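Before I ask anything, let me first share the structure, which is written out below as structure tokens.
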Amino acid sequence: MRTARLNVLKPLVSAWLLFLIAMSVFSILNIDFTLADFLYRLQGNTWAWKDALITQDILHKGGKWLSLAMGLATLLLLILSTMLIRLKEYRMPLLYLFSATLLSALLVATIKHLVSMECPWDLIRYGGDRGFIGLLDTRPSSVPASACFPAGHASAGYTWIALYFFFAAIRPHWRWAGLALGLGLGLTFGLTQQLRGAHFLSHDLWTVMLCWTVSFVLSKRLLPPRIH
């Protein structure tokens with residue numbers, strides 16, 4: 001039991017330490033504002049793509065429906081695996097995939113409601129009416145709550161990082177394709193929201209880390225040790 005816990009905690013703690021160091025450097029170098037400034041200037045000092053067809057309707061709304069459809073397909077296969085003998089061997093991997101994607105999305109959504117941070121489009125710097133309050137700064141009680149951290153829409157893609165561990169359990173040679181799909185969807189959705197002024201880059205990076213953490217921890221609990 002102790003060895004199993006160490007196998008989870010050691011890589012988890014190491015990854016989070018490196019991540020927090022990276023986020024500290026990110027903050028010191030003002031990378032969030034540098035990128036947001038560039039995207040804002042690129043659109044003529046306005047968020048011109050905020051309500052554009054491709055960003056708002058296709059990639060934002062459409063992306064949500066795509067991720068939901070993938071989740072429902074996973075749930076359907078999980079239910080069928082309890083009925084069909086040919087799918088029986090995939091039952092636990094499918095349970096893992098459904099659980100990891102659902103819990104990742106729920107974790108990100110929960111933090112969004114617990115932690116108040118403004119979107120770029122809210123800030124005076126980008127045509128809004130609020131000043132910037134950092135993640136660790138004390139938030140004045142007079143400032144209304146805002147749910148822009150971490151990146152919720154990007155989580156609709158990054159939750160599918162779990163495909164790496166899923167395929168590692170059933171089709172190991174597909175695991176990198178699964179990881180590429182999860183990262184690709186997350187990057188696409190995340191960049192879409194940055195172009196709209198909805199998130200800073202660091203918001204997306206926090207989402208990646210949270211989704212990976214859920215996927216990694218659950219893989220240790222629900223999937224065979226050989227995939228690690």
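Rundown of residues vs (1) assigned to a helix (DSSP H, G or I); (2) more than 24 Å from L183 (Cα to Cα); (3) modelled with pLDDT of 95 or more; (4) charged (D, E, K, R), yes/no style:
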site	(1), (2), (3), (4)
A22	yes, no, yes, no
D37	yes, yes, yes, yes
Y40	yes, yes, yes, no
N45	no, yes, yes, no
W49	no, no, yes, no
I54	yes, no, yes, no
G63	yes, no, yes, no
S67	yes, no, yes, no
M70	yes, no, yes, no
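Among the residues of region 68-90, is there at least one that is of a type in the set (D, E, K, R), open to solvent by 40 Å² or more (accessible area, probe 1.4 Å), over 18 Å from the mean Cα position of the chain (by Cα) and within 30 Å of L136 (Cβ to Cβ)?
No, region 68-90 contains no residue that is of a type in the set (D, E, K, R), open to solvent by 40 Å² or more (accessible area, probe 1.4 Å), over 18 Å from the mean Cα position of the chain (by Cα) and within 30 Å of L136 (Cβ to Cβ).
Out of everything in region 118-153 that is out of contact with any Gly (no Cβ under 8 Å at 6 or more places or on another chain) and among the aliphatic types (A, V, I, L, M), what residue ends up being most open to solvent (accessible area, probe 1.4 Å)?
My answer is L136.
Hey, A198 hits all of (1) assigned to a helix (DSSP H, G or I); (2) at pLDDT 95 or above but one; which does it fall short on?
With (1) assigned to a helix (DSSP H, G or I); (2) at pLDDT 95 or above applied to A198, the lone miss is (1).
Only one of F189, F165 is closer than 23 Å to R91 by Cα and buried (at least 16 other Cβ atoms within 10 Å of the Cβ). Can you tell me which?
F165
On the given criteria, is A100 in a helix (DSSP H, G or I) and in contact with a Leu (Cβ under 8 Å, 6 or more places away or on another chain)?
In short, yes.
I've got another one for you. Listed residues A109, A156, A177, A105; which is surrounded by fewer than 16 Cβ atoms within 10 Å (Cβ to Cβ), in contact (Cβ under 8 Å) with a residue 24 or more places away in the chain and part of a helix (DSSP H, G or I)?
Going through A109, A156, A177, A105 in turn, the sole match is A109.
May I pose another question? Here are F149, F132: which of them is touching a residue at least 12 places away in the same chain (Cβ under 8 Å), in contact with a Leu (Cβ under 6 Å, 6 or more places away or on another chain), farther than 23 Å from P224 by Cβ and not in a helix (DSSP H, G or I)?
Exactly one of F149, F132 is touching a residue at least 12 places away in the same chain (Cβ under 8 Å), in contact with a Leu (Cβ under 6 Å, 6 or more places away or on another chain), farther than 23 Å from P224 by Cβ and not in a helix (DSSP H, G or I), namely F132.
Looking for something under 23 Å from D51 (Cα atoms), within 13 Å of the chain's Cα centre (by Cα) and either touching a residue at least 12 places away in the same chain (Cβ under 8 Å) or buried (at least 19 other Cβ atoms within 10 Å of the Cβ) (or both) - is there at least one such residue anywhere in region 208-218? Reasoning before the result, please.
The initial filter retains those residues of region 208-218 that are under 23 Å from D51 (Cα atoms), namely none.
No, region 208-218 contains no residue that is under 23 Å from D51 (Cα atoms), within 13 Å of the chain's Cα centre (by Cα) and either touching a residue at least 12 places away in the same chain (Cβ under 8 Å) or buried (at least 19 other Cβ atoms within 10 Å of the Cβ) (or both).
The values are calculated or read from the model by the stated rules, or taken from the named source; none is laboratory data. Treat the numbers as computed from the prediction; the structure is a model and nothing was measured. Cβ sites come from the backbone with ideal geometry, for glycine too, and all protein chains shown count toward neighbours. These accessible areas exclude ligands, DNA and RNA; they are computed on the full protein's heavy atoms, side chains included. Shrake-Rupley method; radii C 1.70, N 1.55, O 1.52, S 1.80 Å.
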